[in-house]
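Enquirer: Sharing a structure below in structure tokens format, with a few things to ask.
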Amino acid sequence: MIDFSTIEYLKSGNERQILAYETLTKNKILEVLIEFDPILVGTIPINIDIENSDLDIICFWKNKNHFIEKVTSLFKNKSDFTIRETVINQHESIVGNFKLDDFEIEIFGQNIPTKNQNGYRHMIIEYQILESRDENFRQEIIKLKQNGYKTEPAFAKLLGLKNDPYIELLNYKI
């Protein structure tokens, strides 16, 4: 099992993972967010990304306004910076976006410890599923994503899950 709590594993990954590692480390993105227990999640860490996949960094905030101020002060000068508040699964969420090098970066924060957030939980389950299947399965996920599917619905389709893919995936047993 990969330790996804750091990004060290990216150094020995594919070309895009190595680029992601270089972008994140050279710009000290995770370092400057350290107080929020940041974790890189999504498709790039588990090698099912497509051309326009972004770098998703989840964070745990205890004080929403402090988090908004910190993300804004750190990244407001980056290309295409935006920040917004939203509610996802009844949880207040903060989403910051910007471009850096060859990547779109999303900083996502909730008042939930990062390893308990659905973004992390989904990625771990998806990783375990990918590890238990063959390369063809991974390629089929990528193909569905290239055809417009989001990640969780792509997994749900291939696994034959019928209801809400985001909930079904959390309960999936390998």
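Enquirer: Sort out which residues of the stretch 42-58 are in a strand (DSSP E or B) and open to solvent by 10 Å² or more (accessible area, probe 1.4 Å), and write them in order of number.
Expert: So in the stretch 42-58, the residues in a strand (DSSP E or B) come out as 55-58.
Result: D56, single match.
Enquirer: Residue check, K62 against (1) surrounded by fewer than 17 Cβ atoms within 10 Å (Cβ to Cβ); (2) under 18 Å from the mean Cα position of the chain (by Cα), all met but one. Which one?
Expert: (2)
Enquirer: Also, quick follow-up: Is it the case that Y120 is over 30 Å from N63 (Cβ atoms) and within 16 Å of the chain's Cα centre (by Cα)?
Expert: no
Enquirer: If you go through the stretch 79-98 one residue at a time, do you hit one that is farther than 20 Å from Q128 by Cβ, assigned to a loop (DSSP other than H, G, I, E, B) and among the hydrophobic types (A, V, I, L, M, F, W, C)?
Expert: No, the conditions are met nowhere in the stretch 79-98.
Enquirer: Further question on the same structure: Being touching a residue at least 12 places away in the same chain (Cβ under 8 Å) and either among the hydroxyl-bearing types (S, T, Y) or surrounded by fewer than 19 Cβ atoms within 10 Å (Cβ to Cβ) (or both) narrows it down to one residue among E126, E104; which is it?
Expert: Testing whether each residue is touching a residue at least 12 places away in the same chain (Cβ under 8 Å) and either among the hydroxyl-bearing types (S, T, Y) or surrounded by fewer than 19 Cβ atoms within 10 Å (Cβ to Cβ) (or both) leaves just E104.
Enquirer: N97: closer than 24 Å to G148 by Cβ and surrounded by fewer than 17 Cβ atoms within 10 Å (Cβ to Cβ), yes or no?
Expert: No; evaluated as a whole, the condition is false for this residue.
Enquirer: With the requirement that a residue be part of a helix (DSSP H, G or I), of a type in the set (D, E, K, R) and under 16 Å from N27 (Cβ atoms), what does the stretch 59-78 give you?
Expert: Of everything in the stretch 59-78, just one residue is part of a helix (DSSP H, G or I), of a type in the set (D, E, K, R) and under 16 Å from N27 (Cβ atoms), namely K70.
Enquirer: Taking I88 as meeting all but one of (1) surrounded by 15 or more Cβ atoms within 10 Å (Cβ to Cβ); (2) at negative phi; (3) out of contact with any helix residue (DSSP H, G or I) (no Cβ under 6 Å at 6 or more places or on another chain), write down the number of the exception.
Expert: Checking I88 against (1) surrounded by 15 or more Cβ atoms within 10 Å (Cβ to Cβ); (2) at negative phi; (3) out of contact with any helix residue (DSSP H, G or I) (no Cβ under 6 Å at 6 or more places or on another chain), the one that fails is (1).
Enquirer: I want to confirm something. Restricting to the stretch 135-162 and keeping residues that are of a type in the set (S, T, N, Q) and either assigned to a helix (DSSP H, G or I) or in contact with a Lys or Arg (Cβ under 6 Å, 6 or more places away or on another chain) (or both), which single residue is surrounded by the fewest Cβ atoms within 10 Å (Cβ to Cβ)?
Expert: Taking the candidates together, the pick is N136.
Enquirer: Could you list, in sequence order, all residues of the stretch 107-121 that are in contact (Cβ under 8 Å) with a residue 12 or more places away in the chain and open to solvent by 40 Å² or more (accessible area, probe 1.4 Å)?
Expert: First pass over the stretch 107-121, keeping only residues in contact (Cβ under 8 Å) with a residue 12 or more places away in the chain: 107-115, 117-121.
Selection gives N111, P113, K115, N118, R121.
The values are calculated or read from the model by the stated rules, or taken from the named source; none is laboratory data. Everything quoted here is computed from the prediction, not taken from an experiment. Positions of Cβ are backbone-derived with ideal geometry, glycine not excepted, and every protein chain shown enters the neighbour counts. Please note that ligands, DNA and RNA were not included when accessible areas were found on the heavy atoms of the full protein model with its side chains. Shrake-Rupley method; radii C 1.70, N 1.55, O 1.52, S 1.80 Å.
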